[in-house]
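Heads up, the thing below is written out as structure tokens.
Derivation of every value follows stated rules applied to the coordinates shown; laboratory data play no part. Note that this is a predicted model, so its numbers are computed, not measured. Positions of Cβ are backbone-derived with ideal geometry, glycine not excepted, and every protein chain shown enters the neighbour counts.
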Amino acid sequence: MTVIRPATAADVPFLWDMLYEAIFVPPGQAAPPRSVLQDPRVDHYLRDFPSRPGDAGLIADTPQGPAGAAWHRRLPAHDPGYGFVRADVPEVTIALAPAFRGQGLGTKLLERLLADAAAAGHPGLSLSVQVRNRARHLYERLGFIRVAGLSPDDSAWTMWHPL
Ligand SMILES: CC(C)(COP(=O)(O)OP(=O)(O)OC[C@H]1O[C@@H](n2cnc3c(N)ncnc32)[C@H](O)[C@@H]1OP(=O)(O)O)[C@@H](O)C(=O)NCCC(=O)NCCS
């Protein structure tokens, strides 16, 4: 049975693995080296997690071990994430290990993250998704809306959920 539970500091090594998995690799292209996680535009999604107000995450635990994670963090306007909307709106990262994709687990993780974020009083959640990433359909299905004009170019959408 799969259990969705809060992420703790002990899960951080697994969260780094999932941050790497969350990076979209277009079909036919090589995956980036793992050192991409040290890029300041990437590492701020997890550095010192969970320590700041607005940090929260969930792990999907299966009998085979952790399958995936979803978390959110507020990033400041002077160090915005790809999906930055407003400093008080946390940004979501979500990924599953490849073997666990397409079985409904991402939906469960994101539904719970949205419900928890609403209960915590956050004014919304945002994210960035490459237009070619199928994950966009999941976000639209769960109520994320495209924020016009915020994406740096048309290859990625900034989306937000009003909770
Ligand atoms: C995105 C992801 C977390 C969704 O979780 P999931 O358990 O696979 O999704 P579910 O089975 O609950 O829902 C199916 C939807 O997930 C998305 N999805 C399924 N497999 C996917 C994959 N390999 N890559 C990207 N999105 C995928 C699609 O939106 C799909 O809907 P569709 O069939 O209408 O296209 C998961 O597929 C994943 O980790 N993908 C790679 C990492 C990634 O793209 N992260 C998001 C970065 S913005």
Handout entry: 12 Å beta-carbon shell around ARG134, net charge (K/R +1, D/E -1)
Key = +3
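Quote the relative contact order of the stretch 3-161 in percent (integer), defining contacts as alpha-carbon pairs under 8 Å separated by 6+ residues.
Reported relative contact order: 21 percent.
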Problem - Sorted peptide list for 99-110, 65-76, criterion being average Cβ within 10 angstrom, highest first - result: 65-76, 99-110
Problem - Built amide H within the under 5 Å cut-off of VAL147, gap 5+ - result: THR158, MET159, TRP160
Fill in the blank from the handout: Summing -39500 (n - 2.57) over every DSSP H run of at least 4 in the chain, dividing by its residue total and rounding to the nearest 500, the 222 nm mean residue ellipticity is -6000 deg cm²/dmol
Problem - Reciprocal of mean inverse Cα separation for the stretch 73-135 (Kirkwood radius, Å) - result: 12.9
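So, by mean Cβ neighbours within 10 angstrom, what's the order for 16-23, 89-96 with the highest one leading?
The peptides rank, most packed first, as 89-96, 16-23.
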Completion exercise
So, with points 7 Å from each Cα along the Cβ direction, the ALA77-LYS108 label distance in nm works out to 4.0
Problem - Net +/- balance of residues flanking LEU75 in space, Cβ distance below 10 Å, scoring K and R +1, D and E -1 - result: +1
Completion exercise
Once the mean of 1/r over all distinct C-alpha pairs in the chain is inverted, the Kirkwood radius in Å reads 15.9
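Taking other Cβ within 10 Å of each residue's Cβ, how do HIS78, HIS161 sort, fewest first?
Ascending number of Cβ neighbours within 10 Å: HIS78, HIS161.
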Exercise for the section: Would you work out the charge dipole size for the stretch 1-120 about its Cα centre, treating the Cβ of every Lys and Arg as +1 and the Cβ of every Asp and Glu as -1, and quote it to the nearest 20 debye? Expected result: 120
